[in-house]
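A short worksheet on the structure shown next.
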Amino acid sequence: MSINSWIFIRIQSFYYGLGLPIQAFRLIFRHPTLLFWSILPVAITLGLYVWLIRNLQDSTKAYLLQAFVSAGWDPNSWIAGTLIILVKVLLVLVGAMTFSLVASVASAPFNDFLAESAEQWTTPPLPAVPSQPFRAKMRLIVIDLLKTVAGGVAGLAAMIFSWVPVVNLIAVILALLLVSFQFVSYPQTRRGEGLQAGLRFIWKYFYACLGFGLVTAFLFAIPIVSSLSIPLAVVGGTLLVGRAYGAEGTSPPLR
């Protein structure tokens, strides 16, 4: 293989990873099942937040009005009205800042269902996993837990070394790969692939995973948008696994 071909394949793989969230977006809106599992956790979180913020606003308003009356101030004055408006705005801002985090936690139990539903529409489709006994399912939970712990430790290391000159570039690349690792692990774990197999996958398809991690990390950095991007990351990771497994020995290869 010439050096030009070597470079072209890796650039092509990188761009494939960058485009995965767009592919996932189109796939989700073509299939009601994927749309349902994508919207459900966000809708639950949104409903909870609307109820919680509304009740906090009402309770805070009643408390402030009572405080004004107790202090002998006019509760209908412009000062009281301005303070109540500021408190309401503050609660909305706090809700907006924390919404993505809560939505990501709420979506965790549904992500596996979303990834499993998307497997039949990967290119080529991932083979279905036969029903497994309880003991095998417990093993998969342990595998998923180990991957989560390993990812968390590696993420902490990346944050620490991000302050070290020169090394920080490696830390950034590691952080992007960890984002990919988190979302390609759903179909892998379902097939009993452990931590080592997951790391080998990231290394073998380094450029595709780097592109996918880059665009996903960018979406996650935008408030509110990050919560809506979780389904794109789950389905995108599943599409990447399907493409990688189906590309063995085919042309063009994925790297």
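The values are calculated or read from the model by the stated rules, or taken from the named source; none is laboratory data. Remember, it's a predicted structure, so these values are computed and weren't measured experimentally. Here the Cβ positions follow ideal geometry from the backbone for every residue, glycine too, while neighbour counts run over all protein chains shown.
A few remarks follow.
- Segment 49-70 residues that are of a type in the set (D, E, K, R), paired with ones that are at pLDDT below 75 and part of a helix (DSSP H, G or I) (beta carbon under 6 Å, 6 or more apart): Lys61/Ile84
- In segment 187-214, residue nearest to Leu114 (Cα to Cα) [restricted to those that are out of contact with any Gly (no Cβ under 6 Å at 6 or more places or on another chain), aromatic (Phe, Trp, Tyr) and in a helix (DSSP H, G or I)]: Phe201
- Every test in (1) closer than 23 Å to Pro125 by Cβ; (2) touching a residue at least 60 places away in the same chain (Cβ under 8 Å); (3) outside any helix (DSSP H, G or I) is passed by Pro223 save one, and that test is (1).
- All positions within segment 154-185 that are within 20 Å of Val241 (Cβ to Cβ) and modelled with pLDDT under 75: Ala154
- Among residues of segment 16-38, those that are surrounded by 13 or more Cβ atoms within 10 Å (Cβ to Cβ), in a helix (DSSP H, G or I) and touching a helix residue (DSSP H, G or I) at 6+ places or on another chain (Cβ under 8 Å), counted: 15
- Tally, over segment 1-15, of residues that are assigned to a helix (DSSP H, G or I), of a type in the set (A, V, I, L, M, F, W, C) and either in contact with a Pro (Cβ under 7 Å, 6 or more places away or on another chain) or without any contact (Cβ under 8 Å) to a residue 12 or more places away in the chain (or both): 5
- Of all residues in segment 1-15, those that are crowded, with 18+ Cβ neighbours inside 10 Å and among the aromatic types (Phe, Trp, Tyr) total 1.
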